[in-house]
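Asker: My questions all concern the structure below.
Here, each number is a calculation from the coordinates, and none is a lab measurement. Worth saying up front: this structure is predicted, and the values here are computed from it rather than measured. Positions of Cβ are backbone-derived with ideal geometry, glycine not excepted, and every protein chain shown enters the neighbour counts.
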Amino acid sequence: MSETSFPTADSTLTEFRDGVLATLPAIAAAVPFAVLIGALAVDRGLSIAESGLMSALVFAGASQFVALDGWTLPAPWLTLGLTALVVNMRHGLMSVSLMRRLGRFPRWARPVALFFMVDEIWAFAEARGRGRPLTPAFYAGLVAFFYPSWVAGTLAGAVLGRMLPDPKAFGLDFTFIAIFVFLIFTYRARPGFALTLLASSGTAVLVHLVWPGAWSIMAGALAGILAAAFGPRAAS
């Protein structure tokens, strides 16, 4: 076995640092959205602690936003649960993709890695895995600041929420769009990018026009997968 099979302390620290640095732009975009989530949560009747706990346990901005958008008192738990499930069904597809990259992870660490797999973490991990093996240290670097920043941003929004009557007036709602635009265009150099983008976005818009709601997200994801599978693409 070659000596490169055993990571040194320096290489592990370098991998961790690279993971942290990769997420800094995403953190800058995600924190304002987390603030909006916190403000919406307290506006819907959640306490500050409940708002922070929601982000800590759910850790999925899209489903949190959709759930809070439809939140009433008493909360329609079944409807909210089904909506969150539909929105997060794409994570099942993303998990299958990411599992190919977790060969260096201990078995116990793989479900932990998938728990922290939000869109941004997945995108950076996939990008890393295409060029070199994805290491636990790099993945830990992706999560180390992103996760606490998300929870802290939510708590900040919950505390400041009552002082911000309309967070959307500050453009915080646009950060949700900005994050995904940023992630999408990190893949712009890949063959078939334009076709996949048009297929997924076009399908999502059409489904939303016919049947408004969370199903447009899943429909767009499936259309993008089919376009990528049968269109021009590079071998991973």
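Asker: Given a Förster distance of 45 angstrom, what is the FRET efficiency for residue 50 paired with residue 210, based on the Cβ-Cβ distance and rounded to 0.05?
Answerer: Rounded to the nearest 0.05, the efficiency is 0.80.
Asker: Given only helices, namely DSSP H runs of n ≥ 4 each adding -39500 (n - 2.57), what is the per-residue ellipticity at 222 nm of the chain, to the nearest 500 deg cm²/dmol?
Answerer: The helix contribution divided over the chain gives -24000 deg cm²/dmol.
Asker: Please give the contour-minus-distance gain from residue 145 to residue 178: 0.36 nm per residue of separation, less the Cα-Cα distance, rounded to one decimal in nm.
Answerer: Extending this stretch completely gives an extra 9.9 nm.
Asker: If the only charges are +1 at each Lys and Arg Cβ and -1 at each Asp and Glu Cβ, what is the size of the charge dipole of region 54-153 around the Cα centre, to the nearest 20 debye?
Answerer: Roughly 640 debye, rounded to the nearest 20.
Asker: Suppose every Lys and Arg Cβ carries +1 and every Asp and Glu Cβ carries -1, with no other charges. What dipole size does region 82-127 come out with about its Cα centre, to the nearest 20 debye?
Answerer: 280
Asker: Report the net charge of residues surrounding residue 179, where surrounding means a beta-carbon distance below 9 angstrom and charges are Lys +1, Arg +1, Asp -1, Glu -1.
Answerer: Around residue 179, the charge tally is -2.
Asker: Given R₀ = 30 Å, what would the calculated FRET efficiency be for residue 14 paired with residue 108, taking r from the Cβ atoms and rounding to 0.05?
Answerer: That pair, residue 14 with residue 108, gives E of 0.80.
Asker: Another question, if that's okay. Could you tell me which of 83, 31, 52 has its Cα farthest along the dipole of the chain towards the positive end, charges placed at Cβ (Lys, Arg +1; Asp, Glu -1), taken about the Cα centre?
Answerer: Highest projection toward the positive end goes to 83.
Asker: Which whole-number percent of Cα pairs in region 187-236 have a distance greater than 15 Å?
Answerer: It works out to 42 percent of all Cα pairs.
Asker: Moving on to the next point. Go from 0 up to the bin containing the longest alpha carbon distance in region 9-172, width 5 Å each, and give me the % of pairs per bin.
Answerer: The percentages, shortest bin first, are 2, 9, 17, 19, 18, 14, 10, 7, 3, 1, 0.
Asker: Label points 7 Å out from Cα along the Cβ direction at residue 188 and residue 230: separation in nm?
Answerer: So the two model labels end up 2.8 nm from each other.
Asker: Given charges of +1 on the Cβ of Lys and Arg and -1 on the Cβ of Asp and Glu, with all other atoms neutral, how large is the dipole of the chain about its Cα centre, in debye to the nearest 20?
Answerer: I would put it at about 640 debye.
Asker: Moving on. Report the calculated FRET efficiency for residue 21 and residue 115 (r = Cβ-Cβ distance, R0 = 22 Å), to the nearest 0.05.
Answerer: My answer for the efficiency is 0.45.
Asker: What is the sum of charges, Lys and Arg at +1 and Asp and Glu at -1, for the other residues whose Cβ falls under 14 Å from the Cβ of residue 117?
Answerer: Neighbourhood net charge equals +2.
Asker: With each pseudo-label sitting 7 Å past Cα toward Cβ, what's the residue 85-residue 198 distance in nm, one decimal?
Answerer: According to this spin-label approximation, the distance is 3.6 nm.
Asker: Still on this structure, I have one more. Are there chymotrypsin sites (Phe, Trp or Tyr not before Pro) in region 102-165 that DSSP marks as loop and that have at most 14 other Cβ atoms within 10 Å, and which are they?
Answerer: Here the chymotrypsin sites (Phe, Trp or Tyr not before Pro) that fit, given the DSSP loop and packing criteria, are 108.
Asker: What trypsin sites (Lys or Arg not before Pro) does region 98-140 have in DSSP loop regions with at most 11 other beta carbons within 10 Å?
Answerer: 100, 107
Asker: Give the order of 37, 121 when sorted by the count of other beta carbons within 10 angstrom, beginning with the fewest.
Answerer: Taking fewest neighbouring Cβ atoms as first place, the list is 121, 37.
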